[in-house]
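Have a look at the structure below, then the notes.
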Amino acid sequence: MMTLGVVGLGRMGAPMASRLVTGGYRVAGFDVAGSANLAPPGVTPVASIAALAATSEVVLLSLPNGTIAHAVCNALATPGSRARVVIELSTIGIAAASACAATLAAADIAYVDAPVSGGVAGAAGGTLTLMVACDPDRYRLVEPILRRFGSNLFHVGQRAGQGQAMKLLNNFISATALAATSEAAVFGVQAGLDLAQIIEVLNVSSGRTTASSDKFPRSVLTGRYDFGFAAALMTKDVQLYFESSRAAAAPDGLAESVAALWRRFNMACPDADITALYRFLASEERAQ
Ligand code: NAD
C-alpha cells in the first residue's frame, strides 16, 4: 500500500489527513508545531521532513505560505528522499508554485499544484473544491487521493501556478464580497437598520454573496467571529492576487484598494478571524 505524507497538520491539513486514513491510506504526518499533538487518530506522527520523506512516495503540503512551502520542497528534494510526487494544497501564489516545481523537478520529483477552497468544514466533510494544475498522467495518478477530501475537482491547467491563479482569483472575489458586505452593513446600522434584517434582505436580493449567506449568519450575527479562516491568510491571498494581477498588467484598481483594507485590518487585529472585519470596521466608524 502506498504511504502518503502530510506536511502541515493545521486547520486544513489535519482533517484532510484524517480523510486519507479513513480512505484506507497509510499516512505519516509532520508539523513543526508538534506532530504528536497535531496528528489526528490514525496518522503516524514523524519528527522531521527527512523522516517523512524516507517513507512517503506522495507528499501533501498544507502550509501557511510560499516561503515555508519552498523550504519544505528543498528538504524533500534531498538524497534519501522517497518522495516522487508533491501535492501542493496550500495557497502560495504563482511565483512560489513555479519555484517549488523547479526545485522538485531538479530532483526528479513531480509537483501537482492543487490549492483548495471550502474551508475547514469542507476538509472534514470531503467536499472541498480543488483547482489542479499538472500533466494529465499525473492528474490520473493523484485523482483518487484528492477525491478523499475534494468533491469538486477541476483540472485547470498543466503548468505549476495555474491552480494558484484560479484559487487567488476566487479568494479575491470572496474577500471583496466580505469587505463590501461588512462596509455596507456598518453603513446600514449607522442609518438605523437592524443588522440581522440587513442580512435577511440581502439573502433574498441581488446583494447576496457567500458573505451574507454563510459568513454573517454563522460568525457575525452570532458574535462568535469564528468562521475558521485567519485574516492573516486571507490578507496573504488578496495581496498575492494584487501582486499577480499587477505583474500581469491585468486590471487591478479594485484589488489594490481591497488589499489595502485587508492589510489595515490584519495589522490592527493580527490573530483575528476573517469575519471580525465587520467588528473592526464598526469600531473604526464609532471612533470617528
Ligand atoms: P494553519 O495555520 O491552521 O496550518 C498550517 C500548519 O502548518 C500549522 O499547523 C503550522 O504549524 C504548520 N507549519 C508551518 N511551518 C511548517 C513547516 N516548516 N513544516 C511543517 N509544518 C509547518 O493554516 P490552515 O488554515 O490549515 O491553512 C493551510 C493552507 O490552506 C494555507 O495556505 C491557507 O491559505 C490554505 N487554505 C485555508 C483555508 C481555511 O479555511 N483555513 C481554506 C482554503 C485554503
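Just a few scattered comments:
- Entry remark, segment 53-82: residues being more than 11 Å from the ligand (Cβ to nearest atom) and in a loop (DSSP other than H, G, I, E, B) number 10 in total.
Matching residues to (1) of a type in the set (Ser, Thr, Tyr); (2) out of contact with any helix residue (DSSP H, G or I) (no Cβ under 9 Å at 6 or more places or on another chain):
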position	(1), (2)
174	yes, no
179	no, no
184	no, no
187	no, no
191	no, yes
194	no, no
198	no, no
203	no, no
210	yes, no
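- Within segment 1-47, being crowded, with 23+ Cβ neighbours inside 10 Å, of a type in the set (Gly, Ala, Ser) and near the ligand (Cβ under 9 Å from one of its atoms) holds for 8, 13.
- Sole residue being under 17 Å from the mean Cα position of the chain (by Cα), of a type in the set (A, V, I, L, M, F, W, C) and not in a strand (DSSP E or B), chosen from 193, 233: 233
- Test: residue in segment 173-187 that is within 16 Å of the ligand (Cβ to nearest atom), touching a Gly at 6+ places or on another chain (Cβ under 7 Å) and within 19 Å of residue 242 (Cβ to Cβ): no
- Look at (1) within 11 Å of the ligand (Cβ to nearest atom); (2) open to solvent by 60 Å² or more (accessible area, probe 1.4 Å); (3) not in a helix (DSSP H, G or I) and you find that residue 154 fails only one, number (1).
- Exclusive hit being under 15 Å from residue 168 (Cα atoms) and either charged (D, E, K, R) or open to solvent by 40 Å² or more (accessible area, probe 1.4 Å) (or both), set 135, 113, 108: 113
- Of all residues in segment 249-266, those that are open to solvent by 70 Å² or more (accessible area, probe 1.4 Å) and under 20 Å from the mean Cα position of the chain (by Cα) total 1.
- Test: residue 87 is in a strand (DSSP E or B), crowded, with 20+ Cβ neighbours inside 10 Å, under 17 Å from the mean Cα position of the chain (by Cα) and within 15 Å of the ligand (Cβ to nearest atom): yes
The values are calculated or read from the model by the stated rules, or taken from the named source; none is laboratory data. As the structure is a prediction and not an experimental result, all values here were calculated from the model. Please note: Cβ atoms are built from the backbone with ideal geometry, for glycine as well, and neighbour counts cover all protein chains shown. Just the protein is used for accessible areas: all its heavy atoms, side chains included, with ligands, DNA and RNA removed. Shrake-Rupley method; radii C 1.70, N 1.55, O 1.52, S 1.80 Å.
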